[in-house]
Amino acid sequence: MKKKIKKTKILAINFGGLGDEILFLPAIKTVRAFYPMPHLTLVTEPRSKSIKELSNMIDEIITCDVKGSGKYLNLIKLLFRIWQGGYKIVI
């Protein structure tokens with residue numbers, strides 16, 4: 001019976017525009033190189049969520065509006081989601 005390899009859950013947080021996300025991709029590539037089976041989740045602003053379509057290094061996107069009128073509530077919701085996510089590494 002083969003032993004199932006558990007994926008390392010990694011969370012990367014980068015609030016900014018799409019250009020900022022593109023410049024963040026080398027950091028994501030480096031982190032992925034250190035872990036054989038990573039599951040990488042990226043937290044970004046809603047305006048930058050299309051970064052997932054430009055790169056196959058991101059497994060999941062979480063968006064958080066940090067500039068709107070409900071920014072504080074959104075950040076609290078994000079913190080609870082991160083806490084429940086069971087991430088081993090947060091960048």
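The values are calculated or read from the model by the stated rules, or taken from the named source; none is laboratory data. Source: prediction; values computed, not measured. Positions of Cβ are backbone-derived with ideal geometry, glycine not excepted, and every protein chain shown enters the neighbour counts.
For the stretch 37-65, a tally of residues being more than 20 Å from G85 (Cβ to Cβ) and not polar (S, T, N, Q) returns 3.
Just one of the listed residues (N56, N74) is outside any helix (DSSP H, G or I) and either over 10 Å from the mean Cα position of the chain (by Cα) or without any contact (Cβ under 8 Å) to a residue 12 or more places away in the chain (or both), namely N56.
If the condition is being surrounded by fewer than 18 Cβ atoms within 10 Å (Cβ to Cβ) and more than 20 Å from G68 (Cα to Cα), then the stretch 20-31 contributes I22, L23, L25, P26, A27, K29, T30, V31. Among the numbered criteria (1) more than 16 Å from Y87 (Cα to Cα); (2) of a type outside the set (S, T, N, Q); (3) in a helix (DSSP H, G or I), which one does I28 miss? Condition not satisfied by I28: (1). Selection of the stretch 41-62 for residues being in contact with a strand residue (DSSP E or B) (Cβ under 7 Å, 6 or more places away or on another chain), farther than 15 Å from I10 by Cα and exposed (fewer than 15 other Cβ atoms within 10 Å of the Cβ) yields only P46. Can we say F15 is at pLDDT below 95, in a loop (DSSP other than H, G, I, E, B) and surrounded by 14 or more Cβ atoms within 10 Å (Cβ to Cβ)? Considered against the rule, which asks whether it is at pLDDT below 95, in a loop (DSSP other than H, G, I, E, B) and surrounded by 14 or more Cβ atoms within 10 Å (Cβ to Cβ), F15 comes out as yes.
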